[in-house]
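Asks: Handing you this structure, nothing more for now.
The values are calculated or read from the model by the stated rules, or taken from the named source; none is laboratory data. Remember, predicted model here, so these are calculated numbers, not experimental data. In this analysis, Cβ positions are derived from the backbone assuming ideal geometry, glycine residues included, and neighbour counts consider all displayed protein chains.
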Amino acid sequence: MEYPKITKTPFEQFAIKPNLQDYHKMGEKFSWDKISSDLDWFDHEHINIAHVTIDAHLKTDRKNKKALIWESKKGEVEEYTFLNLSRLSNKFANVLVKELGVQKGDRVFFFLERVPEIFIGILGALKAGGVIGPLFSAFGPDAVKDRLADSEAKVLITSPALKKKIVEVFPELPALKNIILVHRGEAKEDPNDLSYDRLMAQASDFFDMVKTRQEDYAIMHYTSGTTGKPKGAVHVHGAVLGHYATGKYVLDLQEEDIYWCTADPGWVTGTSYGMFGPWANGVTQVVYEGGFSAKYWYSFLERKKVTVWYTAPTAIRMLMKAGDELPRNYRFDSLRYMCSVGEPLNPEAVVWGEKTFGKAFHDNWWQTETGSIMIANYPIQDIKPGSMGRPFPGIKAGILDDNFNELPSDREGNLALRPGWPSMFRTYWKKEELYHSRFKKGWYITGDKARRDEEGYFWFVGRADDVINTAGHLVGPFEVESVLIEHPAVAEAGVIGKPDPIAMEVVKAFVSLKDGNDPSEELRHDIQKFVMKRLSSAAAPREIEFISSLPKTRSGKIMRRLLKARELGLPLGDTSTMEEE
Ligand code: ATP
Ligand code: MG
C-alpha cells in the first residue's frame, strides 16, 4: 500500500473521549432495540422524527440550547433554540393542517435556498404527518417538474425568485394544490400568493403532533442521478434510529459540539446529517446559506469555532485547488473531527487534511437508499487512506460475485448489505419493481463495486457501471483518478472505459488542470509518465484529454456516464441534476 496507515492513540489518551470506545465490542453487543431506548417514542410503535429531534429536548436542559445558528450570504446571523424550532414548526404544522388541509401521507415539497424556513418547514411537515421532499434550489424547471409530478406533491414551499424560475411547469402539475412563498424581504407580495409570513403570523404555536408509526413514510429523496434517471427513495419515521446512532458513533457528536454539515438539504446528507442525526443528538448546528467559497469556508470554520465538520470530496478537492497558502491565514483550533461522504475520498485528500488541519478526513460510505451511514472510519480506529472503513456496528456488508454469492477477502465484487436496518429505503416511489430488483439472495445490492481486506476494511472500486474491463483486467476508475490527482498540475480527473477492438476497453482519462497550468503535449506526456510509474500498464490511461471542468451532478459527483456518452457520441440521458458548466 502506497499510503501508510494513520494510527490513532488509544482511547484513554483522547482529550475528548469518543462515543465509540471499542468497535469490536460494540459490534458484538449491538442491537437496534438498545439504540431505540435512547429515543423518546410515543409508545412502542409510534415515533415521529420531528419529536425525537426537537420536541423531546424540551423536557431536558437543552430546551434553551441553540439548535441552529444560521448565517446568510450577506453575513446576517439568526439563532434558534430547540424551543424556538419546536414552536415555529408547530405553527407551520398548523398552517399545513388547518389552512391547507394536509393529511397524513401527503407529499410536502420544498424548493428553497438554505434558509431557516426549510428547517422549520420540514419539521412542521413531519409533525403534520406529511412526507417531505426537499429539492435542491439550483434545479431548473424540468428537474423540479419531474420530481413534483412523480411524487404528486400537494404543497410546495418556495421563494418568489425560485417560483419565477419554475412558474411555467405549474399547469402540468394537477396534484399541486398550494404554493407557499417565503419572502425574506424579497419581492412585493401578490395578494393571491400564500405568504409564509402571513400564514405563520396567524397560526398557533401549539400543535398536537400526528402520532406516526415507525413504518409510516416520512422522507422522500431523489437520488443524485449520477448513473441514470433519479429515483425517489422513500424513508420512514423509524429511520431516525439510524440517523441518531450514526450521528453519535460515526460523527461522534457530543453535547458541546458545534457541528457543520456542508450538504444542502436537497440531498440526503443534508437531512439525515444536516437535520435529523445531529438534532436527535441534541447538538448545535451551524449553517451557511451560501455555496462553496474556499475563503468563506475557512473563515466560517474559524469564526463559528466548528468542532465537527462533515463535508464531501468534491469540496475538499476544491479547497486543495485553492492552494496551501490560504488556510495558513486561519486558525482551526476548535476543529476536532472531520468526515467526508458522497464520492470516493482520494488518499491524497486524506493526507492533505492532516497537513492543513492537523487531522485526517474520515471517509464514510452510504447512499440515498441506505438513509444513514453504512461503512465508516471511526475516531478510535486507524485510517487506511483510500479506504471507506468498516461497517457500522449492526450492519453486515458483503462482497458478492455476479451470482450473488459471498466472496472471500481481497476479491473485488458487488458491495451488498443485509437488509433490515431502520433507515433503509422502503421503496422507490412508484417503482416497486425496480425496488425489488435491488434485492438478491437475502442481500440489498448497492450497485457499487468494492473489496474488503483481511482486516475488514472496505475499498471502493467504482460504480458497477463504471468499472472498466481492459484486456481481461477489471480497473476501477477511482484508483486511476486518485493517482492522476497526485500529479502537481492536475486538479480533477474522470476516467472511463473507451471501447477498443482488441482490448474490449481501454482506459481514457479526462483531466482538468490546477490554476496556472496550461494544456500541452509536454504536460500530457509528463502526466502519462507519472501514472505509468504508479499503476499497472493495464490501468494506466491510454488516452488523456484535457478539459476545463468535469461534468458533475449538482451534489458534486463526477458523471462518468456523461464523459462516456460524449466520447461515443451517444445521447446524454437524464441531465436534470447536472451542474451548469
Ligand atoms: P444515482 O443512484 O441516481 O445514480 P447516486 O448513486 O450518485 O445517484 P446518491 O445516493 O446520492 O446518488 O449517492 C450514493 C453513491 O455515492 C454511492 O452508491 C457511491 O457510488 C457514492 N459514494 C458515496 N459515498 C462514497 C464514499 N465514501 N466512497 C465512494 N463512493 C461513495
Ligand atoms: Mg445510486
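Asks: Of all residues being part of a loop (DSSP other than H, G, I, E, B) and either of a type in the set (A, V, I, L, M) or within 29 Å of ASN346 (Cβ to Cβ) (or both) in the stretch 421-449, which is farthest from the chain's Cα centre (by Cα)? Just the residue, please.
Replies: ARG438
Asks: Can you find even one residue in the stretch 419-429 that is under 28 Å from ALA245 (Cβ atoms), loosely packed, with under 15 Cβ neighbours inside 10 Å and not charged (D, E, K, R)?
Replies: Within the stretch 419-429, one or more residues are under 28 Å from ALA245 (Cβ atoms), loosely packed, with under 15 Cβ neighbours inside 10 Å and not charged (D, E, K, R).
Asks: Hey, can you tell me all the residues within the stretch 251-269 that are closer than 17 Å to VAL131 by Cβ and either away from ligand 2 (no atom under 15 Å from the Cβ) or in a strand (DSSP E or B) (or both)?
Replies: Those that are closer than 17 Å to VAL131 by Cβ and either away from ligand 2 (no atom under 15 Å from the Cβ) or in a strand (DSSP E or B) (or both): PRO265, GLY266.
Asks: While we're here: Which residues, counting only those in the stretch 406-426, are within 15 Å of ligand 2 (Cβ to nearest atom) and in contact (Cβ under 8 Å) with a residue 40 or more places away in the chain?
Replies: Result: ASN414, LEU415, LEU417, MET424, PHE425.
Asks: Condition first: in a helix (DSSP H, G or I) and within 30 Å of GLU215 (Cα to Cα). Now tell me which residues in the stretch 131-189 satisfy that.
Replies: Matches in the stretch 131-189: ALA143, VAL144, LYS145, ASP146, ARG147, LEU148, ALA149, ASP150, SER151.
Asks: Restricting to the stretch 219-241, name every residue that is among the small types (Gly, Ala, Ser) and within 15 Å of ligand 1 (Cβ to nearest atom). Break it down stepwise before answering.
Replies: Narrowing the stretch 219-241 to residues among the small types (Gly, Ala, Ser): 224-225, 228, 232-233, 238-239.
SER224, GLY225, GLY228, GLY232, ALA233, ALA239, listed by residue number.
Asks: Okay, next question. Could you say which residue among LYS305, LYS295 is in a loop (DSSP other than H, G, I, E, B), over 17 Å from ARG114 (Cβ atoms) and not aromatic (Phe, Trp, Tyr)? Can you show your working first?
Replies: Numbers: LYS295 fails: in a loop (DSSP other than H, G, I, E, B).
The match here is LYS305.
Asks: Tally time: how many residues in the stretch 530-556 are surrounded by 11 or more Cβ atoms within 10 Å (Cβ to Cβ), out of contact with any Leu (no Cβ under 6 Å at 6 or more places or on another chain), at pLDDT 90 or above and not β-branched (Val, Ile, Thr)?
Replies: 9
Asks: Exactly one of (1) of a type outside the set (Asp, Glu); (2) over 22 Å from SER340 (Cβ atoms); (3) in a helix (DSSP H, G or I); (4) within 16 Å of ligand 2 (Cβ to nearest atom) is unmet by ARG524. Its number?
Replies: (4)
Asks: Ok, one more. For the stretch 223-250, which residues satisfy the criterion of being at pLDDT 95 or above and either within 16 Å of ligand 2 (Cβ to nearest atom) or of a type in the set (Gly, Ala, Ser) (or both)?
Replies: The answer is GLY232, ALA233, VAL234, HIS235, GLY238, ALA239, GLY242, ALA245, GLY247.
Asks: Test PRO551 against the criterion of being out of contact with any Ser or Thr (no Cβ under 7 Å at 6 or more places or on another chain), under 21 Å from MET318 (Cβ atoms) and within 14 Å of ligand 1 (Cβ to nearest atom), and give yes or no.
Replies: The answer is yes for PRO551.
Asks: Same structure again: Please count how many residues of the stretch 450-495 are assigned to a strand (DSSP E or B) and either among the charged types (D, E, K, R) or more than 24 Å from the chain's Cα centre (by Cα) (or both).
Replies: Going residue by residue through the stretch 450-495, those that are assigned to a strand (DSSP E or B) are 450-452, 458-463, 468-470, 473-475, 490-495.
Still in the list and also either among the charged types (D, E, K, R) or more than 24 Å from the chain's Cα centre (by Cα) (or both): 451-452, 463, 468-470, 473-475, 490, 492.
Residues meeting the conditions: 11.
Asks: Mind telling me which of the residues ALA153, ALA175, ALA125 ends up being loosely packed, with under 15 Cβ neighbours inside 10 Å, more than 21 Å from the chain's Cα centre (by Cα) and of a type in the set (A, V, I, L, M)? Spell out the reasoning first.
Replies: Numbers: ALA153 fails: loosely packed, with under 15 Cβ neighbours inside 10 Å; ALA125 fails: loosely packed, with under 15 Cβ neighbours inside 10 Å.
Criteria check complete, one pass: ALA175.
Asks: Looking at ALA491, ALA539, ALA503, can you tell me which residue is closer than 24 Å to LYS321 by Cβ and in contact with a strand residue (DSSP E or B) (Cβ under 6 Å, 6 or more places away or on another chain)?
Replies: After ruling out the rest, the residue left standing is ALA491.
Asks: Sort through VAL511, VAL531 and tell me the only one that's more than 26 Å from GLY291 (Cα to Cα) and touching a helix residue (DSSP H, G or I) at 6+ places or on another chain (Cβ under 7 Å).
Replies: None of the other options fit; the residue is VAL531.
Asks: So, in the stretch 379-411, how many residues would count as being over 18 Å from THR269 (Cβ atoms) and either within 14 Å of ligand 1 (Cβ to nearest atom) or of a type in the set (Val, Ile, Thr) (or both)?
Replies: 10
Asks: So if I check each of ALA315, ALA349, which one is under 22 Å from ILE258 (Cα atoms) and at pLDDT below 95?
Replies: Being under 22 Å from ILE258 (Cα atoms) and at pLDDT below 95 holds for just one of ALA315, ALA349, which is ALA315.
Asks: Would you pick out the residues in the stretch 200-222 that are of a type in the set (A, V, I, L, M) and either free of Cβ contacts under 8 Å to residues at least 12 places away in the same chain or within 16 Å of ligand 2 (Cβ to nearest atom) (or both)?
Replies: Across the stretch 200-222, the qualifying residues are ALA201, MET220.
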